[in-house]
Every structure is written in structure tokens, then in C-alpha cells.
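A short write-up of the structure that comes next.
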Amino acid sequence: MSDSFQIKLDGKLVSASSGETVFEVAKRAGVEIPTLCHDTRLEPVGACRVCLVEVAGQRRLQPGCAWVVTPDMEIQTQSDRIERHRKVLYNLYKSDHTLDDAGLPVETGNSNQLRELCQSVPDMKLAPVEAPRSDRPMDDNPYIQFEPDLCILCARCTRYCDEVEAVNAITLSNRGSATTIATAGQRSLIDTTCELCGGCIDTCPTGALIEKKVPKNLVQLGGTESVRSTCNFCGVGCQLDLHVHNDRVVKVTSPEPGETLNDGNLCVKGRFAYDFIHHQDRITEPLIRDANGDLQPATWEEAIVATANGLNRVRQKHGSDALGFISSSRCTGEENYLMQKLARAAFSTNNVHQCAAT
Ligand code: SF4
Ligand code: SF4
Ligand code: FES
């Protein structure tokens, strides 16, 4: 079979490659197929049934996120049958979900994609389902909260924890309507292998996993302004979106998967350790000790001149090898290169080290 071929998508010929799914081909062709359980970083599982499409020759609707295309396949992403399916499916999800006064799935500070989908179909007024899904009774981890009534059991969180983090701290447990997201022995996440990366929060499509630190009514409070930045906890250079409310960073997320080198992922420090930004003890300007040994504010120029003078004094009095230069793994590769250049070329010493080298 050739690697490239054509399929018919909604009556139009589009190009496809072997191994691609209907969802991937449609996305490239600008055709939107709704999804809930799909995340480009994870193996498709076809759990939520939101992306069902018609495949010519197939009796049942098939999941576009998992159905692999073959030459000359004919796919329909819009039809009366698909519309009927979505209307019933979204209303079934609603009957098993916490709703707001408008009868829509609630928002918890993270976006709720189910809410957006439900707005696209008429309400069928189905009776609510009382699902006996249990929470972890005593999870005192500092960052992650689980709301079982908002969970649609798409398993994005557990698959992310397994396939991306390779940690397996959470899993689907129980059966039927009692199925829930659990840890071993219902322990707190901090008593499991969890690395508190927060990736499960990020991938959850309904806001059933939420950040404890983020105000739940952030949207009602006027939302946030997003500022792209680079994480400064190590030299990898992960990109962050800082969410700013009233001049304070209230939340940190990664850009979308595929957009930057961290591919939608962050570690515990990048995602949650942002309180230092507004800490009262944070040094925000250069300081130089005066004759009494007290620290006094200075300009960057004054600080650099004082540092150079101090280094030269030591060198003149005790020789180059009395100096040592230590740089940080928080700096970029270029900054670390410049540090060894400064030590070797400007101060004639090989006494240079970097904390990540040990
Ligand atoms: S925070 Fe990370 S490691 Fe912990 S359960 Fe979520 S995905 Fe797994
Ligand atoms: S917690 Fe969120 S990501 Fe995990 S199964 Fe439930 S809805 Fe899906
Ligand atoms: S997105 Fe395809 S089944 Fe969930």
C-alpha cells in the first residue's frame, strides 16, 4: 500500500497517509470533529463516543479519533444520524453531571469542554442519574482536587499519568456507575508515586480535576490575562502561560501540545511553584554592601562594576586560582558557556563548575 492516498471526507477528496486516523486527516483538511477523550499525546481509546462519524460500509458509527483511514474510504462527519447521536449522548452526559442554574455542566476554573458541546444541542430534559462515584476521603496533597461528580470517565488523566509521566499514580477503579478515579488504597496523592506534575488537571476535559490554589470563580471575577514566559527553574526552557489577575500570577499552564518544546507538559515546579513571584523577601534589584556591611540598592551597572572590582582585587592579591566560578543549571546553555569563557579567558582560571555537572 502506498504511504499517501486519497479518501472522501464529507464528499470531498482529501489526501491522507497510512496510519492516520479520521480525526487527524479531518483536522488537516480544516474539518472539525468534536472530541472529549482525545489528547494528541495519548494513544486513542475511543471512550467518550463524541467523535463518532459515518464510515461507508460500516453498520455502526465509528470513533474518528481511533479509526485508521485506508485508500478510497468514504467518511461523513455531519449527517442527521450523527446529529441525533450527539444530541442523545450530550444529554446523557448532562444527566450524570453537576449542572448550573442554566442547566449546563458547571465550570470549575478550568475550561469544561462538555459544557461547550452541550450548548450545541437542545435539552432533552432527562432525569438526573445518581452515580455513586466516590472521592478520595482524605487527600491532603497541596495542589490537586478531584470532583467525582464532574468526571465523565474518559480516562485522559490515568492515561496521561501512565503514557506521558510513566507514573501510574491514578487508575480507574470499581465497575459500572460506581467507576471512579482512584489511587492505590484511596491514599492521598502525596502518599503515592504521584509527582504532582498537574498534567492530569491539564488534560481533564471537564474540570473534574482542578487546582486547589486557583479561585473557583476566576471566570466570574473577570478572568485572567495570559502572558507567555520561559520557566526559570532549569535550563530546559519550557514555555509557560502565566495567568495574571489584578497584577498577580494566579495560575500557570503550558501552551497547547505541539506548540512548544514541552509539548503541553510541565513539572511540579513549573506548574505550581509560582508563589515566589510575589514573595515579600524576593530580591528585585541589585544590592551592594556599604562600609557598615548593610545592603543598599544599586543599579545593574554599579553592581557589575563592584563585582568586577572585587574579582580583580582577589586575583591581584592571591592569583587567578584563588577565584572559583559556579554557574547554575537554571541558566541556559549559552549563559553557562559564557560563564566558563569569563573564568578561562578573562580571569585565567579553570576553576569553573556548574551544579548540573555533579
Ligand atoms: S499529578 Fe502527574 S503524576 Fe500525579 S496523578 Fe496527575 S498526572 Fe499522575
Ligand atoms: S477526572 Fe477528568 S480526565 Fe480523568 S477520567 Fe474524569 S473527566 Fe476524564
Ligand atoms: S474523542 Fe473519540 S471516542 Fe472520545
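Any read-out appearing in this document is the output of simple, stated calculations on the displayed coordinates, not a laboratory observation. Everything numeric here is computed off the predicted structure, so don't read it as measured data. Every residue, glycine among them, receives a Cβ derived from its backbone with ideal geometry; neighbour counts consider all protein chains shown.
Tabulated data for the structure shown
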{"quantity": "Highest-MSF residue in the chain out of LEU323, LEU117, LEU153 [GNM, Cα springs under 10 Å]", "calculated": "LEU323"}
{"quantity": "Burial ordering of ARG282, ARG248, fewest other beta-carbon atoms within 10 Å first", "calculated": "ARG282, ARG248"}
{"quantity": "Whole-Hz couplings from phi, Karplus 6.51/-1.76/1.60, listed for the stretch 200-214; x for Gly and Pro", "calculated": "5, 5, 5, 8, 4, x, 10, x, 6, 10, 9, 7, 4, 6, 8"}
{"quantity": "Under 5 Å, built H, 5+ apart or other chain: amide partners of VAL164", "calculated": "none"}
{"quantity": "When each of LYS94/LYS269; LYS94/LYS216; LYS94/LYS212; LYS317/LYS341; LYS216/LYS269 is checked by Cα-Cα distance, pairs over 27 Å", "calculated": "LYS94/LYS269"}
{"quantity": "Farthest positive-ward along the stretch 75-221 dipole, Cα basis, beta-carbon charges - from ILE82, VAL214, VAL121", "calculated": "ILE82"}
{"quantity": "Prolate/oblate/rounded call for the stretch 206-290, Cα gyration tensor, a/c under 1.5 rounded", "calculated": "oblate"}
{"quantity": "Relative intensity, log₁₀ I(q)/I(0), of the chain from a Debye sum that treats every alpha carbon as a point, q = 0.10 Å⁻¹", "calculated": "-0.79"}
{"quantity": "Hits among lysines - C-alpha to C-alpha of LYS12 under 18 Å, sequence gap 8 or more where chains match", "calculated": "LYS27"}
{"quantity": "Highest average packing first - 341-351, 68-78, Cβ atoms within 10 Å", "calculated": "68-78, 341-351"}
{"quantity": "Assigned charges on the beta-carbon of Lys, Arg, Asp, Glu; the stretch 287-357 dipole about Cα centre (debye)", "calculated": "300"}
{"quantity": "Net charge contributed by nearby residues that have their C-beta within less than 9 Å of PRO128 (K/R +1, D/E -1)", "calculated": "-1"}
{"quantity": "Debye log10 I(q)/I(0) for the stretch 273-358, one point scatterer per Cα, at q = 0.14, 0.18, 0.21, 0.22 Å⁻¹", "calculated": "-0.68, -1.02, -1.16, -1.18"}
{"quantity": "Dipole of the stretch 287-357, positive direction: furthest Cα of HIS353, GLY319, ILE304, with charges on the beta-carbon", "calculated": "GLY319"}
{"quantity": "Sorted peptide list for 43-55, 99-111, 120-132, criterion being average Cβ within 10 angstrom, highest first", "calculated": "43-55, 99-111, 120-132"}
{"quantity": "Mean residue ellipticity (222 nm) of the chain, computed from DSSP H runs ≥ 4 via -39,500 (n - 2.57), nearest 500", "calculated": "-6000 deg cm²/dmol"}
{"quantity": "Between the stretch 257-280 and the stretch 17-91, the alpha-carbon center distance in angstrom", "calculated": "33"}
{"quantity": "³J(HN,Hα), Karplus 6.51/-1.76/1.60, whole Hz, each residue of the stretch 83-89, x for Gly, Pro", "calculated": "4, 4, 4, 5, 4, 5, 4"}
{"quantity": "Computed magnitude of the charge dipole of the chain (debye, nearest 20; Cβ of K, R +1, Cβ of D, E -1)", "calculated": "360"}
{"quantity": "Local net charge near GLU302, Cβ-Cβ under 14 Å (Lys/Arg +1, Asp/Glu -1)", "calculated": "-2"}
{"quantity": "Top positive-direction residue, dipole computed over the chain with Cβ charges, set VAL249, CYS151, ASN168", "calculated": "ASN168"}
{"quantity": "Per-residue HN-Hα couplings for the stretch 233-242 [Karplus 6.51, -1.76, 1.60; θ = phi - 60°; Hz; x = Gly/Pro]", "calculated": "7, 8, x, 5, x, 4, 8, 10, 10, 8"}
{"quantity": "Charge sum, other residues only, whose C-beta stays under 12 Å from TRP67's C-beta, Lys/Arg counted +1 and Asp/Glu -1", "calculated": "-2"}
